[in-house]
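Quick notes on the structure that follows.
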Amino acid sequence: MNLAGLPIADRAPSKPSGLEGVVVAETRLSHVDGERGELFIAGARAEQLALSDPGHFELVVERLWELAGAAPEPRLRERLAQARVAAFARIEQLDHALALPDAMDALLAATAQGCAGVDALSLLGALPVYVAASARLRAGHAPIAPDPARRTAADLMRMLGLPESPARARALDAYLITVSDHGLNASTFAARVVASTGSDAMPCVVAGLGALKGPLHGGAPGPVLDMLDATTHVEPRVWLEQELAEGRRIMGMGHRIYRVRDPRAFVFERALARLEAEEPANSAIAARLAHARRVEHAAETLLNERHPARPLRANVEFYTALLLEAVGIPRALFTAIFAVARCAGWLSHCEEQRRTGRLIRPAARYVGPVPD
Ligand code: COA
């Protein structure tokens, strides 16, 4: 059919699909069932991987890496620890990038500048160093050197200057594992597209970071905490109605794939309950959780009234906000901490994509002017 002859309104899709439901890759890394609310990561259920012992980020990285078809790395924990030490040795050259006022801009700039030509595991180890060093620099403090004897979660907390706490490190580990991979989400797709052109690790990760920064993807947990703060002394429904009336979305609600509550929200609730049991003095956790459940209920009811045909339930970001807050992470760093974990998924997907040898290159329907 000659599209050029049709009026533009007939040629344009009624609503851009955003590639919803389009399968563009095969993966062994993770599986998301949006109807049943199931998530498998590296061949295991997310909750099992995140909450059973020994639940360390390094373990899931190892499993993802092998499933992607990369050469097994028997000393992966040591490789990541050495990568942190090597990244720290380079941070003086990254002063300008690391001092950028936004944590994700700083991470993007430092990764682009500091990781050119490095291999995937060196890059994965560098990210927590950059996140922590830039947070310290922005707060006017000197960066803290990594301790290679620790695992990623505990070392990240230490480099951020947070107090030593095995219970909190365990909660952070549960978080890092749970968000390490999630099918072909926007940032993973972006990274895979770059890998499909034959590009190396750094540009793939920079593409992933760029996509993750947006509030429709990884940028929501900070605003979720703002929402919880804003509704502490007012009726949540009234506040939420005002947000919608002003044309804003409710952060932490809705998902492209899940039609039920995001299973990762359950994992984080359980990790929070465990942290609360291990730190009984931390009474703020229970109060925050109770308030979050009230806001979640109000948001779900309101969104259900407005979109009865489209279930909009709490997504991963809703309880991410609570978990990272309980661990002591400042809200300005939430998306950057997400990136530390998701980088494992990006790099594994890129490895998988390269093995297909196939360029990802979709098509667009032309709806522009036609020359005479
Ligand atoms: N608050 C208010 N309305 C929402 C909403 C939310 N959180 N999520 C979706 N909607 C509305 C949309 O405006 C749309 O309404 P319309 O049909 O009248 O235009 C309808 O629900 C369907 O949404 P759609 O845009 O098709 O969903 P999507 O699959 O493109 O979006 C998200 C998925 C995650 C981008 C979306 O739910 C969202 O913006 N959530 C808030 C941000 C967030 O939490 N991001 C983290 C994701 S893990």
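Since every read-out is calculated from the coordinates, none of them should be taken as a lab result. Computed from a predicted structure; not experimentally measured. When we count neighbours, we look across all protein chains shown, and the Cβ atoms used for this are built from the backbone with ideal geometry, even at glycine.
Rounded to two decimals, the Cα-based Rg/Rh of region 215-319, with Kirkwood Rh, is 0.97. Across region 244-257, computed HN-Hα scalar couplings (Karplus, 6.51 cos²θ - 1.76 cosθ + 1.60, θ = phi - 60°) run 5, 4, 8, x, 9, 8, 7, 5, x, 10, x, 7, 5, 9 Hz from first to last residue, x flagging Gly and Pro. Each residue of region 199-216 is assigned a 3J(HN,Hα), and the resulting list reads 5, 8, 4, 4, x, 5, 5, 4, 5, x, 4, x, 6, 5, 5, x, x, 7 Hz, derived from the Karplus form 6.51 cos²θ - 1.76 cosθ + 1.60 (θ = phi - 60°), x at Gly and Pro. Rounded to the nearest 0.05, what FRET efficiency is calculated for Ala284 and Glu38 with R0 set to 25 Å and r the Cβ-Cβ distance? So, using R0 = 25 Å, E works out to roughly 0.20. When +1 charges are put on Lys and Arg Cβ atoms and -1 charges on Asp and Glu Cβ atoms, the dipole computed for region 74-142 relative to its Cα centre reaches about 300 debye.
Spin-label model, His96 to Ala116: label points 7 Å out along the Cα-to-beta-carbon direction sit 1.3 nm apart.
Distance from the alpha carbon centroid of region 171-195 to that of region 304-372 works out to 8 angstrom. Extension gain, Asp226-Val238: 0.36 nm per intervening residue step, less the Cα-Cα distance, totals 2.8 nm. I need the shape label for region 227-269. Rule: rounded when a/c is under 1.5, else prolate if a/b > b/c, else oblate, with a, b, c from the alpha carbon gyration tensor. It is oblate, given that a/c is not under 1.5 and a/b is not larger than b/c. Across the chain, Cα pairs under 8 Å and at least six residues apart give a relative contact order of 24 percent. Using R0 = 30 Å, the C-beta based FRET efficiency linking Asp147 and Asp53 works out to 0.85.
In this simple spin-label model, placing a label point 7 Å from the Cα along the Cα-to-Cβ direction at both Glu26 and Arg249 gives a separation of 3.2 nm. Taking the Cα centre of the chain as the origin and placing charges on Cβ (Lys, Arg +1; Asp, Glu -1), which of Val327, Ala195, Leu289 is farthest toward the positive end of the dipole? It is Ala195, whose Cα lies furthest towards the positive end.
In a simple Cβ point-charge model (Lys, Arg +1; Asp, Glu -1; nothing else charged), the chain has a dipole of about 440 debye relative to its Cα centre.
Each Cα pair under 8 Å and six or more residues apart adds its separation to the average, and for region 180-336 the resulting relative contact order is 31 percent.
Simple point charges give the picture: +1 on the Cβ of Lys and Arg, -1 on the Cβ of Asp and Glu, and for region 181-290 a dipole about the Cα centre of about 440 debye.
In angstrom, the C-alpha Rg and Dmax of the chain are 21.2, 75. Cβ-to-Cβ counts within 10 Å put Trp239, Trp65, Trp346 in ascending order as Trp239, Trp65, Trp346, the fewest first. For region 75-160, the pair-distance distribution built from all alpha carbon pairs, in bins 5 Å wide starting at 0, is 3, 18, 30, 26, 17, 6, 1, 0 percent.
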